[in-house]
Amino acid sequence: QKWDSLKDEIHSIYLINDATLKNTKPSIENKHGFLASARKWKEKLKKWKFNKNRSASDMNIILSKAEKRVREEGKETVFFHGKTHITKERIEHFKRKKTKSEVEIVSSIAGMSEAQ
């Protein structure tokens, strides 16, 4: 019962404002005196599909579109997945992670060919 009355506020803090669970939980606890375990929070977030993770495929599309728009029009693009804003920082983080993994793959291939 209590969870349902807090759902919109939790959505706003956790997804719209992009707060972590570690920050969302005490915010709700302090404001409403609502106490629940981290496990229960995770169950509810999963049930409500309040998921912040995007697939690598989705992020590749977003990254490509963002880079193309900057390159061709000199403009930044704002992305949303449903009602959730995908921040520039999140896109940059994905780009760094992707670049790092691509470098590691190339390095391992180069290492294998040198060994032969």
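The values are calculated or read from the model by the stated rules, or taken from the named source; none is laboratory data. Bear in mind that the values here come from a model prediction, so they are computed numbers and not experimental data. Counting neighbours? That spans all protein chains shown, and the Cβs are built from the backbone with ideal geometry, glycine included.
Here are the numbers for this structure:
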{"quantity": "Subset of segment 50-95 [polar (S, T, N, Q), within 28 Å of Thr24 (Cα to Cα) and touching a residue at least 24 places away in the same chain (Cβ under 8 Å)]", "calculated": "Thr84, Thr87"}
{"quantity": "Per-region count, segment 34-49, residues farther than 12 Å from Lys2 by Cα and either among the hydroxyl-bearing types (Ser, Thr, Tyr) or free of Cβ contacts under 8 Å to residues at least 40 places away in the same chain (or both)", "calculated": "11"}
{"quantity": "Count of segment 1-49 residues which are surrounded by 13 or more Cβ atoms within 10 Å (Cβ to Cβ), aliphatic (A, V, I, L, M) and outside any loop (DSSP other than H, G, I, E, B)", "calculated": "7"}
{"quantity": "Whichever residue in segment 78-115 is surrounded by 11 or more Cβ atoms within 10 Å (Cβ to Cβ) and basic (Lys, Arg) and, among such residues, is modelled with the lowest pLDDT", "calculated": "Lys98"}
{"quantity": "Residue check for Asn53: modelled with pLDDT under 90 and not β-branched (Val, Ile, Thr)", "calculated": "yes"}
{"quantity": "Number of positions in segment 6-21 that are of a type outside the set (Gly, Ala, Ser) and within 15 Å of the chain's Cα centre (by Cα)", "calculated": "9"}
